[in-house]
Amino acid sequence: MTTILFIEQVLNGLQFGVMLFLMAAGLTLVFGVMGLINLAHGSLYMVGAFAAAAVAGATGSFLLALIAALAAAAAAGALVELLIIRRLYARDHLDQVLATFALILIFSEGTRWLFGSFPLYLDIPDYLSGPVTLPGGIHYPLYRLALIAAGLAVAAGLFLLISRTRLGIQIRAGESDREMIAALGVDISKLYTIVFALGAALAGLAGALVGAIQSVQVGMGEPVLILAFVVIVIGGIGSIKGALIGALMVGLTSTLGSIAMPALFRMFMDNSAASATGSAVSSMLIYILMAAVLVWRPKGLFGGAV
Amino acid sequence: MNREFLINMVLLLGLAVVPLWAMAGDAPFTITLATKVAILALAGVGLNIALGIGGLISLGHAAFFGIGGYAMGILASHAQSYTALMEWPILIEGTKFMPVIWLVAVAASALAALVIGALSLRTSGVYFIMITLAFGQMFYFFAISWPAYGGEDGLSIYVRNGFPGLNTLVPIHFFGICYSLLVLALWFNACLAKSPFGLALNASRQCPERVETVGLSPFRLRLTAFVISGAITGLSGALFADLNRFVSPTMFSWQTSGEIMVFIILGGVGRLYGPVAGAALFITLEHFLGGLSEYWHIYLGVLLLLVVLFARGGIIGMLAGRQVAHD
């Protein structure tokens, strides 16, 4: 019983972790290459989820919904980059924080105006619904397994993109020396738009994929954004590998903590007090993890000098 | 002294005159709005010490705002239900006496700022922004999942806490209290900025290496500033909770942190009275645009974007011209 529960929670943690990775990867790329802190990344996640819900509602196809999410988030990202974000690269972080905070307000209220305040629902397609039986007799939802697989596939693709392609070379070069690659004839502003749109597309994909297991509503992006920040702080800014490991650590800590903490407190408290204290402590656990990493390595596990 | 001084005095007098005029016109709601401006400006004055002088971009000041609010809520709810807060090892009872509540709010938020600051000031730049944001969110989730004080629903306090000699339920009396505290905080901030500590803090924003060379520790300067900053924001949280007679986890939400920062930006970064101008503009917009459209945050967002992109000095910067304290 408890091993089954444990394995289920590990899988849940992995699923949560890979979705956090999709968010954190875009953020960390944008920071690494352009030196920009983007609070509006959560809004792009929301844009992806709403685009998917709208297209799935109109066509009934989950695959089209995912494509729409990717396209809508990438387009929104590119548009925002062209209009506003590129004016911010040379500014200090305070201006970046405030301008992207303003973008959150505009995106959130704009979405509320278009779609209303009620949550939308995105259905899991038939071919991915229902449980599968894993070795050991564990029943686990197929969709969540598919999320883990999709997240890992995207992570692998991203690693290949960064390490093997011409675009990846330019991105890595942009991280280490922006002026130099501009001097070598790379169109740096086009590169910035591409990187921003790529990050936005990853966020939009995460929004659509998670939207099918949660409700799609205004403000869904920001809690995930803040967790993605925790991931980046743990993993180190600019490091895709750090983002992956940090995301899995946060995902696992969050899901395992929510069963382990009440159980831990039950050893020396009565049942109801233990579950109350346990859930309160487990809600803080990932931040405690972040604090511990900070004390140990202030630049994150894989962060270089920033 | 100069135009900025004149603008500051007009702001301060204006904030006092509006509620007096509203009292004469029997418009208690306007007094409440002015009280809200004074309280939120106080929160901004707190953040401005860290942000304006110290250059510390904290997106987690909602933590201190909320701690101040909950300090009030917890003490007053125990006094309201005649139960002790703690019986062992020492007896601690709730209270409805404002000065004690303020003291607890200030002490609790200063302590939280000390811990958060000691951890997050190990880093700088973007890391600092993300970490303070994350710690703020930690308090938010803790407040939601801790059932003893209302959890997600928050805590209602039926009668506003008392202050000797005043009837705090009369709007203008409560406004007087909040306004006086705001003026005190502004005065304190002005003294602080001119003190050796303030100058050193200012220098450690501009060039930490030089500060270190002359034998001062930028880390300690920043941590001290962060603690003072958190304490003042905590005080404003206690007042805000008293204004609404209600505390809820929303006080801890990241939007609250963002809004406190927005006051400073709208008013003008590094300007002593920036938060006052910003909070006044924010509440005015919220009241009038909020009446016109449900979606007034769009207009706020656009305005904020325009200020950040094209009018970096904020309102005071526009009116008083350059000569900036911020580099």
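The values are calculated or read from the model by the stated rules, or taken from the named source; none is laboratory data. For clarity, every value in this text was computed on a predicted model and none was experimentally measured. Counting neighbours? That spans all protein chains shown, and the Cβs are built from the backbone with ideal geometry, glycine included.
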Residues of segment A:109-125 being out of contact with any helix residue (DSSP H, G or I) (no Cβ under 7 Å at 6 or more places or on another chain) and part of a helix (DSSP H, G or I), in sequence order, are A:ARG112, A:TRP113, A:LEU114
Of the conditions (1) more than 14 Å from chain B (Cβ to nearest Cβ); (2) over 13 Å from A:ALA49 (Cβ atoms), A:LEU227 clears all except one; give me its number.
(1)
Kindly establish whether A:LEU252 is closer than 30 Å to A:ALA68 by Cβ and more than 11 Å from chain B (Cβ to nearest Cβ).
no
Of all residues in segment A:87-108 being small (Gly, Ala, Ser) and assigned to a helix (DSSP H, G or I), the one that is surrounded by the fewest Cβ atoms within 10 Å (Cβ to Cβ):
A:SER108
Identify all residues within segment B:47-70 that are away from chain A (no Cβ under 14 Å) and out of contact with any strand residue (DSSP E or B) (no Cβ under 9 Å at 6 or more places or on another chain); write none if there are none.
B:ILE49, B:PHE64, B:PHE65, B:ILE67, B:GLY68
Of the conditions (1) more than 30 Å from B:THR30 (Cα to Cα); (2) among the aliphatic types (A, V, I, L, M); (3) modelled with pLDDT under 90, B:LEU166 fails just one. Which one is it?
(1)
B:SER58 fails exactly one of the following numbered conditions: (1) modelled with pLDDT of 90 or more; (2) surrounded by fewer than 16 Cβ atoms within 10 Å (Cβ to Cβ). What is the number of that condition?
(2)
On the basis of being surrounded by fewer than 24 Cβ atoms within 10 Å (Cβ to Cβ), out of contact with any strand residue (DSSP E or B) (no Cβ under 9 Å at 6 or more places or on another chain) and at pLDDT 90 or above, does B:TRP102 make the cut?
yes
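Taking segment A:112-145, which residues are of a type in the set (Val, Ile, Thr) and under 13 Å from A:ALA212 (Cβ atoms)?
A:ILE124
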Scan A:ALA65, A:ALA24 and give me the residue that is touching a Ser or Thr at 6+ places or on another chain (Cβ under 9 Å), among the hydrophobic types (A, V, I, L, M, F, W, C) and crowded, with 23+ Cβ neighbours inside 10 Å.
A:ALA65
Starting from residues that are within 21 Å of B:GLY301 (Cα to Cα) and more than 7 Å from chain B (Cβ to nearest Cβ), keep the ones in segment A:109-138 and report whichever is surrounded by the most Cβ atoms within 10 Å (Cβ to Cβ).
A:THR111
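I'd like the residue in segment B:120-137 that is among the hydrophobic types (A, V, I, L, M, F, W, C) and assigned to a helix (DSSP H, G or I) and, out of all such residues, is farthest from the other protein chains (Cβ to nearest Cβ).
B:PHE128
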The condition from (1) surrounded by fewer than 17 Cβ atoms within 10 Å (Cβ to Cβ); (2) touching a helix residue (DSSP H, G or I) at 6+ places or on another chain (Cβ under 9 Å); (3) not aromatic (Phe, Trp, Tyr) that B:ALA238 misses is numbered (1)
Select from segment A:184-218 the residues that are within 24 Å of A:TYR143 (Cα to Cα) and of a type in the set (Gly, Ala, Ser) and list them in ascending order.
A:GLY199, A:ALA200, A:ALA201, A:ALA203, A:GLY204, A:ALA206, A:GLY207, A:ALA208, A:GLY211, A:ALA212, A:SER215
Unique residue being at positive phi, within 14 Å of chain A (Cβ to nearest Cβ) and buried (at least 24 other Cβ atoms within 10 Å of the Cβ) when the list is B:GLY278, B:GLY268
B:GLY268
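Quickly run through segment B:138-197 and pick out the residues that are in a strand (DSSP E or B) and within 14 Å of chain A (Cβ to nearest Cβ).
Listed by number, the list is empty, since nothing qualifies.
Yes or no, residue by residue, for (1) within 8 Å of chain B (Cβ to nearest Cβ); (2) more than 24 Å from B:VAL115 (Cβ to Cβ); (3) at pLDDT 85 or above:
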{"position": "A:MET269", "(1), (2), (3)": "no, yes, no"}
{"position": "A:ALA274", "(1), (2), (3)": "no, yes, no"}
{"position": "A:THR277", "(1), (2), (3)": "no, no, no"}
{"position": "A:MET290", "(1), (2), (3)": "yes, no, yes"}
{"position": "A:GLY303", "(1), (2), (3)": "no, no, no"}
Is one or more of the residues making up segment A:254-277 within 17 Å of the chain's Cα centre (by Cα) and either on the phi > 0 side of the Ramachandran plot or crowded, with 20+ Cβ neighbours inside 10 Å (or both)?
yes
B:GLU4: farther than 19 Å from B:ALA113 by Cβ, in contact (Cβ under 8 Å) with a residue 12 or more places away in the chain and loosely packed, with under 15 Cβ neighbours inside 10 Å, yes or no?
no
Of all residues in segment B:80-119, which are within 10 Å of chain A (Cβ to nearest Cβ) and either of a type in the set (Lys, Arg) or free of Cβ contacts under 8 Å to residues at least 60 places away in the same chain (or both)?
B:VAL115, B:LEU119
Considering only helices (runs of 4 or more DSSP H) fully contained in segment B:1-109, which possess at least 2 residues that are among the aromatic types (Phe, Trp, Tyr) and over 16 Å from the mean Cα position of the chain (by Cα)?
B:3-24
Filter result (facing chain A (nearest Cβ under 8 Å) and either in contact (Cβ under 8 Å) with a residue 40 or more places away in the chain or touching a Cys at 6+ places or on another chain (Cβ under 9 Å) (or both)) within segment B:286-306:
B:LEU304
